[in-house]
1. Note down the nm distance, to one decimal, between modelled labels 7 Å out along Cα→Cβ at Ser262 and at Phe315.
2. Helix-derived [θ] at 222 nm for the chain: sum -39500 (n - 2.57) over DSSP H runs of at least 4, divide by residue count, nearest 500?
3. Express the relative contact order of the stretch 197-264 as a whole percentage, based on alpha carbon pairs under 8 Å and six or more residues apart in sequence.
4. For the charge dipole of the chain, defined by +1 on Lys and Arg C-beta atoms and -1 on Asp and Glu C-beta atoms about the Cα centroid, which residue among Gly114, Val226, Ala180 has the Cα displaced farthest towards the positive pole?
5. Let's test the formula: R0 of 35 Å, r as the Cβ-Cβ distance of Leu285 and Val80. What FRET efficiency results, to the nearest 0.05?
6. To the nearest 20 Debye, how big is the dipole of the stretch 197-264 about its Cα centre, given +1 on the beta carbon of each Lys and Arg and -1 on that of each Asp and Glu?
7. Take every DSSP beta bridge whose two residues both sit in the chain, then give the antiparallel share in percent to the nearest 5.
8. Students often get this wrong, so try it: which of [x] 20.4; [y] 26.1; [z] 19.2 is Kirkwood radius over Cα pairs in Å as calculated from the structure shown?
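All of the numbers you see were taken from the coordinates with simple rules; none came from a lab. A quick note: this is a predicted structure, and the numbers were derived from the prediction, not measured. With ideal geometry, Cβ positions are generated from the backbone for all residues, glycine too; neighbour counts draw on all protein chains shown.
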Amino acid sequence: MGKYLRIPVDALGDFDDSTGVADMRLRSSSHPDMFYSSEMRVRLVTDFLTNEAGPDNRNIQIEMKATTDNLRSIDDTSLVVRRLFHLEQEIDPIRDISRAISDSGLAHVIKLRGLGVDGACVSVNNVNLIFVSAQYIPRMRFTVAHELAHIIFGHCRSRPIIDENIFEDEAGMADDEKLANAFASCLLMPVFGITRFISAFKSLFEQKDDSISSVEIAYIARFFGVSFEAAGNRLEQTRIIDRGVTARLLTEIRKSFESAESYMRTLPAKDNYDEIPVLSPALKLFVKSRIEDGVYSVSRVANIFGYTVNEVYEFIR
C-alpha cells in the first residue's frame, strides 16, 4: 500500500485547523507536476464551504458498524443507507447518487477537475463532504459510494482521507479501504437486485443454464451504473461466479477491445445513471445564494473550485 504522508510542502498555508491533517492514501511520487496537491484542493474547498455553512447545510452524523470478515453486516448497512435514499424499490439501481446522498442528509458531493486522485472525504463542523475526480462516470459513482463508506463508518472524523486509487491491489490495502470498497459494491449492487436482474435476463433471452458470461456481467454493469470490473467483483463477492473469473474475462476482452468499457459500448444497452454534477443540489443552492448576495464573487468561486467563470455560471444555473 502507498505511503502515508502528512501535509506536503505545497499544501502548507493559512488553513482552518479544524479540517485536520489528512490521511494521505497516495505514493510520495504521485503527481509531482501538480500546481496544487490534492490535499490543498480539498482543504481550500472545505474551508470555503464550512466557514459559511448554516443549519441547512449540516449533515446527519451517524456511525455504523460492519467488518470485512462479515459480508452480511456490510450488506445490512448498505440496505439501511438505501432506505434513506427513498428509492421506489430498495433494490433498484441508484440513478443519481449525488442527489440521493444529498437529499438523505448524509453528505454533500463535489466533483473537481484535475484533483489528481480518485476521491476524498472530510467531516468537519457537522458537514460531510465527498470529493470525486472528474473521470469515467461509473468509476466516479463507485468512488462516491466508497467515500460515503468512510463517512458513515467514522473513518474521517479525526482527519480528511485522500484516496489516490481505490482499485489498488487488495493484498496491500488497509482494512478500512477494503471495507469501503465492499460497502460501495453492496450499495450500488444489492444482491437481491443482481439475482432478480439475472433471472429476468435469462428469461428474456430464454437461457436455460445458470452460467454467467461476459455478456451478463456487462449488462449488470450497465444496469447498475458501474464498471465491468466492479460488477464482476461483486458477482465473485456474492459467489455467483468463482474467484478469478472476472480477471480471466477481462484478459479475453482486452484481446479484441481497447478496454472493457469499449466492449460494453458495443452492446445495445443504455447507460442507467445520471451525470454527476459539480455540486450536489444543496451545495449548489448554497453557493448560488452566496454569489447572488454578494458574499462570494464568481471569480473567487472559480479559483477555489478550479473551473472557469463561465463554467461556474453553468453549474450554479
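1. 3.0 nm
2. On the way: 13 runs with 145 residues, N = 317.
Calculated mean residue ellipticity at 222 nm is -14000 deg cm²/dmol.
3. Relative contact order comes out at 25 percent.
4. Comparing the listed Cα positions along the dipole, Val226 ranks first.
5. Once the sixth-power term is evaluated, E becomes 0.85.
6. Numbers: 9 positive and 10 negative charges, 19 e Å.
The dipole of the stretch 197-264 has a size of about 100 debye.
7. Roughly 60 percent of the DSSP beta bridges within the chain come out antiparallel.
8. The value computed from this structure is option [x].
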